[in-house]
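Enquirer: There's a structure below that I have some questions on.
The values are calculated or read from the model by the stated rules, or taken from the named source; none is laboratory data. Values in this document were obtained by computation on a predicted structure and should not be read as measured data. So basically every Cβ, Gly included, is an ideal-geometry build from the backbone, and we count neighbours across all protein chains shown. The accessibility values were calculated without ligands, DNA or RNA, using every heavy atom of the protein model including side chains. Shrake-Rupley method; radii C 1.70, N 1.55, O 1.52, S 1.80 Å.
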Amino acid sequence: MVDAEGRITFDLPMPADEEQEGRQVLLRLRPKKGQPEKTLHVLDLEPTGDGRRRAVLDGQPVLQEGRWDVYLLGGAASERRRLRPGPRDLRALVAGHLRDRPTPLAVRIPYVTKDGYLAIRAWLRPAHAEAAGIDVTDRSMTVGARLHGTSLREGAAVRLRLRGGNGTVRTLAPRAGEDGRSFSFTVDYADLAAETATGSGVWDAFVQPAPDAPLIRLARLLDDVADRKAVYVYPTTTIADAVLRPYYTVDNDLSVEVTRAG
């Protein structure tokens, strides 16, 4: 179960014939391919009085951004075993985008891996721009978003940066809401296709709240969806010989893909 403050409670049924003492839950930050594991977090398991054991991951310390695998530690063989999930109560996360968040922004979403194990997807960012609705037409896309941890000031800009484009950036003016945090912007597909000079490419979306402020990646993190890329699929639009589509990356960040025919 996850509460609105990000606290995660693990309830584990423990068979009576298994050793109970010394049991713990281990969270392991999944290392990059070929790298050793470095970051571990251990939680004690306490009896609940109904034959189960419970471990609680509080809001502090925050988890480093990445994917955390969950293990059961201890027992007679002092082994560690990956845990498989039971029911996951994520209702408190569904409306997470409606609340103002402190900074740094720390997000945790339990999910099931492709091979059926329990894991936690974590994000940790100095400030955040939460993407909301994306309206796609045959000529453009319009994105609504809201800032957490900062607000728009004079000279704010949305910047689309071409990956591998040697610094190629398209700058757009955001339309700010009355609260100074909500904003929207429109991307003209013909202009974006024309500036993708190498044929095909991916544009990553950022907002810069003020001319001297660091860029903030636009993403959608504040709900119960750990992996959005294959879930939120937006229609493609064809402009001349280019096909464009907005999409969420494997990190749930917002980007626009431009693909040339052939």
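Enquirer: Take the alpha carbon gyration tensor of segment 1-70, find the square roots of its eigenvalues, order them as a ≥ b ≥ c, and report rounded if a/c is under 1.5; if not, report prolate when a/b exceeds b/c, else oblate.
Expert: Cα axes put segment 1-70 in the oblate bin.
Enquirer: Next question. Quick check for me: using +1 on Lys/Arg Cβ and -1 on Asp/Glu Cβ, what's the dipole size of the chain about its Cα centre, in debye to the nearest 20?
Expert: Dipole magnitude for the chain comes out near 520 debye.
Enquirer: Among ASN252, VAL231, GLY177, whose Cα projects farthest towards the positive end of the dipole of segment 172-262, with charges put on the beta-carbon of Lys, Arg (+1) and Asp, Glu (-1)?
Expert: So the residue we want is VAL231.
Enquirer: How do 30-36, 8-14 rank on mean C-beta neighbours within 10 Å, highest first? Kindly include the intermediate steps, with their values, before the conclusion.
Expert: Numbers: 30-36: 8.1, 8-14: 16.0.
Packing proxy ranking, top to bottom: 8-14, 30-36.
Enquirer: Using a probe radius of 1.4 Å on heavy atoms only, what accessible surface per residue do you get for segment 90-206? Whole Å² is fine.
Expert: It amounts to 47 Å² per residue over segment 90-206.
Enquirer: Report the full-extension gain for the segment THR39 to ARG82: residue separation times 0.36 nm, less the Cα-Cα distance, to one decimal in nm.
Expert: Full-extension gain reported as 13.9 nm.
Enquirer: A follow-up question, please. Once neighbouring chains are kept in place and the probe is 1.4 Å, which whole percent of the accessible area of segment 48-105 is contributed by carbon and sulfur?
Expert: 50
Enquirer: For the chain, what does the alpha-carbon gyration tensor say about shape, rounded, prolate or oblate, given a ≥ b ≥ c as the root eigenvalues, a/c under 1.5 as rounded, and a/b over b/c as prolate?
Expert: prolate
Enquirer: For segment 182-248, just say rounded, prolate or oblate: build the C-alpha gyration tensor, square-root its eigenvalues into a ≥ b ≥ c, call rounded for a/c under 1.5, and beyond that prolate if a/b exceeds b/c, oblate if not.
Expert: The shape class here is oblate.
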